[in-house]
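Presented below is the structure to which this report refers.
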Amino acid sequence: MNVLVINAGSSSLKYQLMNVETQEILAIGICEKVGSGDSFHKYGLGDAERLDETPLKDHDEAMALVIEALVDGPAKAVGSLSEIDAVGHRVVQGGQHYPVSTVIDEEAIEKITELSVLAPLHNPPALMGIHACRKHMPGVPMVAVFDTSFFQTLEPKAYMYPLPYELYEKHGVRKYGMHGTSHRYVSERAADVLGIPYGKARVITLHLGNGCSASAVKEGIAVDTSMGLTPLDGLMMGTRCGAIDPAIVPFVMECEGLDTNGVNNLMNKKSGLLGISGVSNDLRSVQEAAEAGNGRAALAIDMYAKAVKKYVGIYLAVMGGADGIVFTAGIGENSAMMREKILEGLEGLGIVLDAGKNALRGGERFISADDSPVKVMVIPTNEEYMIARDTFDLVSALSK
Ligand code: AMP
């Protein structure tokens, strides 16, 4: 089955066409700056990547262009539209309504629209992608895969905030978590690599990219995660502050004269590695600056590592230990320096890194010492595969 995986952001439309049975990627691409005058389409596999500058008014035009590129043109992947069997959409917020992925019908569209109040930046673009696919690929079955589903297994003591209970009842104020598809994928892979059944493994998963989150996965289900009602909570990130004293919010609003938009913008776009270093949200640039003697850049790296280290400790306590720790996403997969800083000094907790293995590059791999009681792994994430797999499962069941 060929599944088109769509990840629509506010001004982007990312896609991948995959044969689920063979896991072969048939096409890959992204439309960026959709809605602005300088939009472009970057697509093609490996060295054959192409870039077409082309005005794209909205997601509808972007989708039309993507379909055209898939069936025709230099990076053509299929002979006709009929060879695309299903579409899987990444949707950030599924609320309490979607503990698992769902086939997209009128009711699902209504529900995802309703849930936009909880994810005003994320669900509306996903809906634009869904509507565009419906228009340009009529009759092709579609599935929504939610970032939040994996964390619907959390118990109330893990997902409730110590705020008046009515806020939960009236407005759904609780922890939902994000990056669930990534945490699900890498925890499943970790159990496999460790040779422990998923239902018996205890894994701490660290998704460290521009957005960062940590999860505790015990006996095949998520029991805790660092992101909350929104993707701002938890770890320090590229431009997001993560967990801070909540009283800072009204204090800063008052002393800086900010309204809610202003303070949201400050915490989401101007904080994290960028806010502390003043250099960049990109760890590579921050590291370069630190190595050149920039003290604030060095501080940003130290703070980032400490925030992740604290979550490792929290989740060891939450699960009563761990069989494995997984690093994934841009920083987790690529920065040996950051992995080392995060885990240094944790030997007493049974976490012993092997500096030589940590310095090597590659795909799925162990980076802990052979006799480390807790195994440490790098596992490249593959959210697209999970979305394609869920789509395959649900669409196959439709025709039975
Ligand atoms: P992602 O959101 O998963 O694409 O991750 C983006 C982050 O990964 C950025 O902070 C990058 O600086 C970081 N990153 C990517 N490659 C490397 C690398 N080779 N070394 C250090 N950080 C990296």
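Worth pointing out:
- The stretch 151-291: C-alpha gyration tensor shape, a/c 1.5 cut-off, then a/b vs b/c: oblate
- Rounded to 0.05, the FRET efficiency of the Val263 and Leu51 pair, given R0 = 41 Å and the Cβ-Cβ distance, is 0.65.
- Under-5 Å amide H pairs with Asp224, H placed in peptide plane, nonlocal only: Ala216
- For the stretch 278-291, backbone phi angles converted through the Karplus equation (6.51, -1.76, 1.60; θ = phi - 60°) give residue-by-residue couplings of x, 9, 6, 8, 8, 4, 4, 5, 5, 5, 4, 5, 4, 5 Hz, Gly and Pro being listed as x.
- Restricting the GluC sites (Glu not before Pro) of the stretch 1-73 to loop positions (DSSP other than H, G, I, E, B) with no more than 16 neighbouring Cβ atoms within 10 Å leaves Glu21, Glu49.
- Inter-centroid distance (Cα atoms) of the stretch 15-68 relative to the stretch 135-211, Å: 27 Å
- Residues whose placed amide H lies under 5 Å from that of Val376, excluding near-sequence neighbours: Ile325, Ile367, Ser368
- For the pair His171 and Asp38 in one chain, pulling the backbone fully straight at 0.36 nm per residue adds 44.0 nm over the alpha carbon distance.
- When each of Lys357, Lys175, Lys57 is scored by the number of other beta-carbon atoms lying within 10 Å, the sequence from fewest to most is Lys57, Lys357, Lys175.
- Residue-by-residue Karplus 3J(HN,Hα) for the stretch 372-386, coefficients 6.51, -1.76, 1.60, Hz, glycine and proline x: 5, x, 9, 7, 10, 10, 10, 10, x, 6, 8, 5, 4, 5, 4
- The stretch 69-112 and the stretch 327-343 have Cα centres lying 32 Å from one another.
- Helix 260-269 axis, angle to the chain major axis (alpha carbon atoms, nearest 10°): 80 degrees
- Rounded to the nearest 20, the size of the Cβ-charge dipole of the stretch 23-181 about its Cα centre is 500 debye, with Lys and Arg at +1 and Asp and Glu at -1.
- Per-residue extension of 0.36 nm, minus the Cα-Cα distance of Lys270 and Met303, leaves a gain of 10.3 nm for this segment.
- Pairwise centroid distance, computed over Cα atoms, of the stretch 230-248 with the stretch 354-389, Å: 26 Å
- Remark: the stretch 115-132, residue by residue, has Karplus-estimated 3J(HN,Hα) of 6, 4, 4, 7, 9, x, 8, 10, 5, x, x, 4, 5, 4, x, 5, 5, 5 Hz, where x stands for each Gly or Pro and the curve is 6.51 cos²θ - 1.76 cosθ + 1.60 at θ = phi - 60°.
- Protection proxy ranking of 2-8, 260-266 - average other beta-carbon atoms within 10 Å, highest first: 2-8, 260-266
- Between Met63, Met237, Met253, the Gaussian network model of the chain with springs among Cα atoms under 10 angstrom shows the greatest mean-square fluctuation at Met253.
- Burial ranking of peptide ranges 381-391, 190-200, 295-305 (average Cβ count within 10 Å, highest at the top): 381-391, 295-305, 190-200
- Over the stretch 316-386, Cα pairs under 8 Å with separation of 6+ residues give a relative contact order of 35 percent.
- Degrees, to the nearest 10: 295-319 long Cα axis against longest axis of the chain: 90 degrees
- For the chain, the square roots of the Cα gyration tensor eigenvalues, ordered a ≥ b ≥ c, give a/c below 1.5, which places it in the rounded category.
- Distant-in-sequence amide contacts of Gly9, defined by a placed amide H-H separation under 5 Å and a gap of 5 or more residues or a different chain, comprise Lys14.
- Cα gyration tensor, the stretch 219-366 - rounded (a/c under 1.5), prolate or oblate: oblate
- With Cα atoms, 0 to 90° folded angle of helix 180-194 axis to the chain main axis: 70 degrees
- Value of Rg to Rh for the stretch 269-327 (Rh from inverse mean 1/r over Cα pairs, i.e. Kirkwood): 1.13
- Pairs from the table (Lys33/Lys269; Lys175/Lys200; Lys157/Lys309; Lys218/Lys375; Lys76/Lys400) lying more than 20 angstrom apart at Cα are Lys175/Lys200; Lys157/Lys309; Lys76/Lys400.
Every number here is computed from the coordinates shown, using simple stated rules; none is lab data. For clarity, every value in this text was computed on a predicted model and none was experimentally measured. We place every Cβ from the backbone using ideal geometry, glycine too, and count neighbours over all the protein chains shown.
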